[in-house]
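Have a look at the structure below, then the notes.
The values are calculated or read from the model by the stated rules, or taken from the named source; none is laboratory data. These figures come from a predicted structure and were not determined experimentally. Glycine gets a Cβ as well: all are built from the backbone with ideal geometry, and neighbour counts include every protein chain shown.
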Amino acid sequence: MYCFAFTCREEKDEPKNPTKSISNTSSSTGRSWTGLNSKSVSKVSTKRTRRRANVPSCLQRPSNLKEFTFSELKLATNGFSRSSIIGEGGFGCVYLGSIKSPQDQTKRVHVAVKQLGRRGLQGHKEWVTEVNVLGVVEHPNLVKLVGYCAEDDERGIQRLLVYEYMPNGSVEDHLSARTEEPLSWAMRLKVAQDAARGLTYLHEKMDFQIIFRDFKSSNILLDDQWNSKLSDFGLARLGPQEGRTHVTTAVVGTMGYAAPEYIQTGRLRSQSDVWSYGVFLYELITGRRPVDRNLPKKQQNLLEWVKPYLSSAKFSLIVDSRLEGKYSMETAQRLSIVANKCLSKNPKARPKMSEVLEMVNRLVENASEGTSPRLPLGSPVHVAPSVESSEPDNVSEESTE
């Protein structure tokens, strides 16, 4: 899945410098969400003696993160051996490592070590954002960040993040046509429930709000018990300050998941994550990616493709054929109703994530009991038209903030 980066048009009621407006509207403490200002970043990146970089938390909250040295992580990953690589992307590589257990020093535990490429200031901003977010939040449905490393050497800044190891990969992996055994229907409902719990926590369960901004199936990982956890918070932003409705940012995210009003205006709200979640529900139902250029033209955009089949008579034609009929048709249809509510063209009409979670909980409960799920249908929900035409052809993995 490719990431895109748009430059949004200026809004009359916002500062003309989009990057500056992020700092002014994104932090409840009056400090930049990235934690490090440009002066301190420059100081770290130009001093060529090996040392650890200072990474203050913009939220000024206690953190249990461990600060690793580069040599410790090099040893943990067998010298960053290619045989230890468990993932690769535009950010760099992820290695399987082994460290002493924080709870019991006599035992060793597996961890995932992400080594960011030297992409300059933007990569550093995303790295610090990840440290700041996962350093102060904790929830069963968020991937746990164990620690970090930031050292300057003769080649530049070494930036690494150490996470709990998620041995069952991403949800995207298990929905892919390449997987031998696709996710069962029961597991898909559990994934929907777990992901909704994670987003509800970020949006509503703390004294500050975090907007994920890059919710997608590849950022939902599965642990050894097949619990789903949100990961990769490099593009996350604090929600608007009290009295404001949105945060204005450069438009970043992943093609097919971003809310249309965010693409068009750069105005970021928690409802943007709700839209992405609605897209994801159709991904679970159909087993298809939001945008797939390998399919015939009329089937490439998932939301456009499903529209003609949402009536009960045709609905089965969009359900993932790899399920081989082992699913509840009524539950699948009700899940699509939840998706449609999330995909309302008017962001104010979309439910809060706590309301979405309540609907999904009801579906899961009734599915396990074998009873008919009772969700109010209400008035018809119209899915917003495709915004694919707004997306540039030259897709980039760099954000423009």
- prompt: From the list S379, S396, which residue is among the polar types (S, T, N, Q), modelled with pLDDT under 95, closer than 26 Å to R288 by Cβ and surrounded by fewer than 19 Cβ atoms within 10 Å (Cβ to Cβ)?
  reply: S396
- prompt: If we scan the stretch 196-215, do we find a residue that is under 23 Å from R289 (Cβ atoms), surrounded by fewer than 22 Cβ atoms within 10 Å (Cβ to Cβ) and without any contact (Cβ under 8 Å) to a residue 12 or more places away in the chain?
  reply: no
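Each row is one residue, and each column tells you yes or no for (1) free of Cβ contacts under 8 Å to residues at least 40 places away in the same chain; (2) under 26 Å from the mean Cα position of the chain (by Cα).
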{"site": "Y282", "(1), (2)": "no, yes"}
{"site": "T286", "(1), (2)": "yes, yes"}
{"site": "R293", "(1), (2)": "yes, yes"}
{"site": "P296", "(1), (2)": "yes, no"}
{"site": "N301", "(1), (2)": "no, yes"}
{"site": "S312", "(1), (2)": "yes, no"}
{"site": "Q333", "(1), (2)": "yes, yes"}
field: Residue, nearest to R322 (Cα to Cα), within the stretch 201-236, restricted to residues that are among the small types (G, A, S) and touching a Ser or Thr at 6+ places or on another chain (Cβ under 7 Å)
entry: S217
Which numbered condition R289 fails, given (1) surrounded by 22 or more Cβ atoms within 10 Å (Cβ to Cβ); (2) outside any loop (DSSP other than H, G, I, E, B): (2)
- line: Restricted to the stretch 308-328 and to residues being of a type outside the set (S, T, Y) and surrounded by 12 or more Cβ atoms within 10 Å (Cβ to Cβ), the residue farthest from R178 (Cα to Cα) is L310
- request: Looking at (1) in contact with a Ser or Thr (Cβ under 7 Å, 6 or more places away or on another chain); (2) closer than 22 Å to A112 by Cα; (3) not polar (S, T, N, Q), find the lone condition where G198 falls short.
  value: (1)
statement: Among the residues of the stretch 235-266, the number that are of a type in the set (F, W, Y) and out of contact with any Lys or Arg (no Cβ under 7 Å at 6 or more places or on another chain) is 1
